[in-house]
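S.K.: So that we are looking at the same thing, I have put the structure below in structure tokens.
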Amino acid sequence: MRYTVQKEQDGVRLRTLLRSRLHCSAELLKDLRRSETGVLVDGRPRFMRDPVRAGETVSVDCDRETETADLFPDDLGIRVLFEDGALLLLEKPAGIPTHPSRGHPRGTLANGAAFLFSERGEPFVFRPITRLDTDVSGVVLCAKTKYAASRLSAMIASGGIEKRYLAITDGVPAEESGRIEGYIRRAEGPGIQRVFSFSDPVGKYARTDYTVLAKDGRGALLHVFPRTGRTHQIRVSLAAIGCPIAGDGFYGEESGASRCMLHAREIRFSHPLTGETLAVVCPAEERLAKEAKERFGTVL
């Protein structure tokens, strides 16, 4: 990535320029300083404290790492929805974790992505910017470079990445469209289950908007828009208004649905390098699409 120093930036310290104009995080700057070619000014290394001059060209090496991360490649049939030099958007099936854990080192989205890159003979580092629960399907946004990861993480923190989900619920919301606001905290005891409260400020603030697309006597098909990013936010928030997601054994009933009926349908954000608005849509997983058609006559 290259940037030409503008007249009004003459004399600014290199570190200040990288933070304010190129939006490099402090962590990324640490990584860049470790490489002789991480940051160059007119092709030569400079100290971060050095001033830059109008007309000089600042180059930031934001290429992928040259070594493959320690991920075992698994052929899981993972589909790429969008890819360029900075971004990788993947379709995650329901039933697999996003990334490995101590008890689940194989068979994750990360392993499936590693297989795609191993087939190409390219190095790969898994940097998920968004994550989905094991039981949830849909689009997952990943960064292919440290710089892109830094920019996208800042967008997540500021609410600059919009997400739209499809959900089939047990129970019908009282309003055709609404907002669920409250606080989410971890439940007492072991495990990852969450507790939602409308009034008790213990926990983290959460906001979820929704629109009813169709309904029957048992439940509804919703568009869901999480405005914050809390663990299990959509699942616990809908359960709090009496409309748990069908097939969700954590906050509702597993019986009656072939899977947890929640799908990350679309993600919209500004490209971290070009600023172009991207909207990437992930087709509904087969079991969810079948349920929507049979129950509501809706083709997803």
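The values are calculated or read from the model by the stated rules, or taken from the named source; none is laboratory data. Please read these numbers as outputs of a predicted model, since none were measured by experiment. Here the Cβ is made from the backbone with ideal geometry for all residues, glycine too, and neighbour counts use every protein chain on show.
S.K.: Please count how many residues of the range 280-299 are in a helix (DSSP H, G or I), over 28 Å from G77 (Cα atoms) and not basic (K, R).
M.R.: Result for the range 280-299: 1.
S.K.: Then there's this: For V212, all conditions in the list (1) over 18 Å from the mean Cα position of the chain (by Cα); (2) modelled with pLDDT under 90; (3) closer than 28 Å to L278 by Cα hold save one; what is the number of the exception?
M.R.: (2)
S.K.: Kindly indicate the residue of the range 212-228 that is touching a Leu at 6+ places or on another chain (Cβ under 8 Å) and among the small types (G, A, S) and also surrounded by the fewest Cβ atoms within 10 Å (Cβ to Cβ) among those meeting that condition. Give the derivation first.
M.R.: Here is the first cut: in the range 212-228, the residues touching a Leu at 6+ places or on another chain (Cβ under 8 Å) are 212-215, 220-224.
Keeping just the survivors that are among the small types (G, A, S) gives 214, 220.
Working: A214: 14, A220: 23.
It comes out as A214.
S.K.: Within the range 21-30, identify whether any single residue is farther than 23 Å from H271 by Cβ and free of Cβ contacts under 8 Å to residues at least 40 places away in the same chain, and answer yes or no. Give the derivation first.
M.R.: Of the residues in the range 21-30, the ones farther than 23 Å from H271 by Cβ are 30.
Checking the rest, the ones that are also free of Cβ contacts under 8 Å to residues at least 40 places away in the same chain come to 30.
Yes, the range 21-30 contains a residue that is farther than 23 Å from H271 by Cβ and free of Cβ contacts under 8 Å to residues at least 40 places away in the same chain.
Here's the yes/no breakdown for (1) farther than 19 Å from P73 by Cβ; (2) in the same structural domain as E285 (by TED's automatic domain parsing); (3) in contact (Cβ under 8 Å) with a residue 60 or more places away in the chain:
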residue: E122; (1), (2), (3): no, no, no
residue: F126; (1), (2), (3): no, no, no
residue: T130; (1), (2), (3): yes, no, yes
residue: D133; (1), (2), (3): yes, no, yes
residue: T145; (1), (2), (3): yes, no, yes
residue: S153; (1), (2), (3): yes, no, yes
residue: L166; (1), (2), (3): yes, yes, yes
residue: D170; (1), (2), (3): yes, yes, yes
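S.K.: Are any residues in the range 228-279 part of a loop (DSSP other than H, G, I, E, B) and under 19 Å from V140 (Cβ atoms), and if so, which ones?
M.R.: If the condition is that a residue be part of a loop (DSSP other than H, G, I, E, B) and under 19 Å from V140 (Cβ atoms), then T228, G229, R230, T231, H232, R259, C260, M261, H271, P272 are the ones that fit.
S.K.: Out of (1) more than 13 Å from the chain's Cα centre (by Cα); (2) over 25 Å from G249 (Cα atoms); (3) not assigned by TED's automatic domain parsing to the domain that holds V195, what's the single condition that is false for A149?
M.R.: Among (1) more than 13 Å from the chain's Cα centre (by Cα); (2) over 25 Å from G249 (Cα atoms); (3) not assigned by TED's automatic domain parsing to the domain that holds V195, the lone unmet condition for A149 is (1).
S.K.: Okay, next question. I want to confirm something. Restricting to the range 14-27 and keeping residues that are buried (at least 16 other Cβ atoms within 10 Å of the Cβ) and modelled with pLDDT of 75 or more, which single residue is nearest to D50 (Cα to Cα)?
M.R.: Step by step, filter the range 14-27, then rank; the result is L14.
S.K.: Additional query: Given (1) in a strand (DSSP E or B); (2) crowded, with 20+ Cβ neighbours inside 10 Å; (3) in contact with a Lys or Arg (Cβ under 8 Å, 6 or more places away or on another chain), identify the lone condition not met by A167.
M.R.: Of everything listed in (1) in a strand (DSSP E or B); (2) crowded, with 20+ Cβ neighbours inside 10 Å; (3) in contact with a Lys or Arg (Cβ under 8 Å, 6 or more places away or on another chain), A167 misses just condition (3).
S.K.: Any idea which of (1) part of a strand (DSSP E or B); (2) over 15 Å from H232 (Cβ atoms) is the one A206 doesn't satisfy?
M.R.: Going through the list (1) part of a strand (DSSP E or B); (2) over 15 Å from H232 (Cβ atoms), A206 breaks only (2).
S.K.: Any idea which of V52, V60 is more than 16 Å from the chain's Cα centre (by Cα), surrounded by 15 or more Cβ atoms within 10 Å (Cβ to Cβ), in contact (Cβ under 8 Å) with a residue 60 or more places away in the chain and within 26 Å of T274 (Cα to Cα)?
M.R.: V60
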